[in-house]
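Peer 1: Dropping a structure here in structure tokens format, bear with me for questions.
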Amino acid sequence: MDLLIPNSGLLFWMTLVFLIVAFIVIKFGFPTIINMVNERKEYIDESLRKAHAANEKLSNIQKEGESVMQQAREQQALLLKEATATRDAIVGKAQEKAHEESARIIAEAKSEIAVEKQNAFNDIRGQVAELSVKVAEKILRDQLSNDEKQMELIGKLLDNVSSPVSNDK
């Protein structure tokens, strides 16, 4: 039964050792453990604060990104409108210049045609006059080949010359 009931000396020394160990653990062990737990708690709290701040920053960055994207879309639409307007203006100017150029070319062609037409008429007149002279020369040679025909022609010419003068008076 000694094993179940300790004797008083053993109980005293066991209690004394327990108190010394408890005192050492309470004096030196618990503060270290509590400091470690507190440091761990502070580290976890700081990590949670940083995570929360990072989430807020991420949320703000996402909002800023969306607003920047919206501004970029608006600027893109504005640039497209400006480019379309510029293109339309350039096309309009090009068409206007093309019309002016075609009108100028047509006017030049018409004046060139008129000059060429006048030159052709002058050329034809010259050729007709030359042919007329040649034909008249041949006819006159035929008619003036003998004396009788010469006298007859001179008489006709004198009649023609004298009759218009008498008609004018």
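Residue-wise test of (1) touching a strand residue (DSSP E or B) at 6+ places or on another chain (Cβ under 7 Å); (2) assigned to a helix (DSSP H, G or I); (3) of a type outside the set (A, V, I, L, M).
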| position | (1), (2), (3) |
| --- | --- |
| Q95 | no, yes, yes |
| A107 | no, yes, no |
| G126 | no, yes, yes |
| S145 | no, no, yes |
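Peer 1: If I go through the stretch 155-169 residue by residue, how many of them are modelled with pLDDT under 80, hydrophobic (A, V, I, L, M, F, W, C) and open to solvent by 90 Å² or more (accessible area, probe 1.4 Å)?
Peer 2: So the first thing to find is which residues in the stretch 155-169 are modelled with pLDDT under 80, and the list is 157, 162-169.
Filter again for hydrophobic (A, V, I, L, M, F, W, C), leaving 157, 165.
Of the ones still in play, those that are also open to solvent by 90 Å² or more (accessible area, probe 1.4 Å) are 157.
Looking only at that region, the number is 1.
The values are calculated or read from the model by the stated rules, or taken from the named source; none is laboratory data. Everything quoted here is computed from the prediction, not taken from an experiment. Don't worry about glycine lacking a Cβ; one is built from the backbone with ideal geometry, like all the others, and counts go over all protein chains shown. Ligands, DNA and RNA are excluded from the accessible area calculation, which covers all protein heavy atoms including side chains. Shrake-Rupley method; radii C 1.70, N 1.55, O 1.52, S 1.80 Å.
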